[in-house]
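> What follows is a single structure, and I will ask about it in a moment.
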Amino acid sequence: MSRLVLVIGLASSLLTFSNVAVGEPTMVSTAIADRFDFPVGGPNADGVQMSRGFNVRGHLGEDWVSAAGPGAIYRAPVSAVANGVVSLARDFKRSWGNVIVIRHAFYEGGQLKYADSLYAHLDKIFVAEGQPVTRGQEIGLVGNAHGLYHPHLHFEIHRNTAIGVVHTAATRSLANYEVPSTFIMQHRVMAPVRGKMVVDIGSYTMPTFAGIPAKPFYTRNAVSRFAASNGGTTPQSIFRTLFGN
Ligand SMILES: [Zn+2]
């Protein structure tokens, strides 16, 4: 059964790659975001808590876990924080694991703005690139990046929509990154708005993964073996070099 699921997963990721040519303009119609909610624990983050906060010089997102204890958030539903369109939905393996990015268009101070929300280390992805989603829609399940970490949701919000999964694509500043929970609290009540907006979801710099094995590290032993055969270099340290985190 698990082998069947794996085959289906591989097939759908190949389809996804052919649907959206990253780097080329890909215009998709999306409902304008009318408010932002939390990605886990329902709209109000019930029963979840932040285990690691945002730091503009270090951790460019927030980690969310269950208030019920370590591991209790594993495979909990992850929801789209607002209306938007899925701009990335892939298994990047390495330290990211399964990642979803959603592009949002919204009005702020009477002006049309854009933001990307990013959900990482997922156990499952339920959406495809180019797919419109609505606020609260279940898009995936909380995971552990193929066994690399304790289960948690790594969650980011980008003002700079060129970043995607490459943190070195933009300066570490609050002009490019939002403090995720602060942004959500500031956008829970927004002026009523209807309508659709066409956004370009082909604007990302994509990682090259040069010199990095494509195989995910499913177990702690595999990570240790890799580190031993690479002069003590861990996947996490390669990740930091490549993505700046
Ligand atoms: Zn994190």
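Nothing in this text is a laboratory measurement; each read-out follows from the coordinates by a stated rule. Not measured: the values here are computed from a predicted model. Cβ coordinates were reconstructed from backbone atoms using ideal geometry, including for glycine residues, and neighbour counts include every protein chain displayed.
> Got at least one residue in the stretch 102-123 being within 21 Å of PRO77 (Cα to Cα) and hydroxyl-bearing (Ser, Thr, Tyr)?
yes
> Only residues that are of a type in the set (A, V, I, L, M), farther than 21 Å from VAL85 by Cα and touching a residue at least 12 places away in the same chain (Cβ under 8 Å): list them for the stretch 190-212, please.
Answer for the stretch 190-212, where residues must be of a type in the set (A, V, I, L, M), farther than 21 Å from VAL85 by Cα and touching a residue at least 12 places away in the same chain (Cβ under 8 Å): just ILE212.
> Here's something else I'd like to know. Somewhere in the stretch 54-72, is a residue within 16 Å of the ligand (Cβ to nearest atom), among the small types (Gly, Ala, Ser) and under 16 Å from the mean Cα position of the chain (by Cα)?
Within the stretch 54-72, one or more residues are within 16 Å of the ligand (Cβ to nearest atom), among the small types (Gly, Ala, Ser) and under 16 Å from the mean Cα position of the chain (by Cα).
> Of all residues in the stretch 138-175, which are within 16 Å of the ligand (Cβ to nearest atom) and among the acidic types (Asp, Glu)?
GLU156
> Now, a different point. Show the residue pairs meeting these rules: Cβ distance below 6 Å; 6+ apart or different chains; first residue within the stretch 152-168 and under 16 Å from ARG57 (Cα atoms); second residue more than 13 Å from the ligand (Cβ to nearest atom) and polar (S, T, N, Q).
ILE157/SER117; VAL166/THR205
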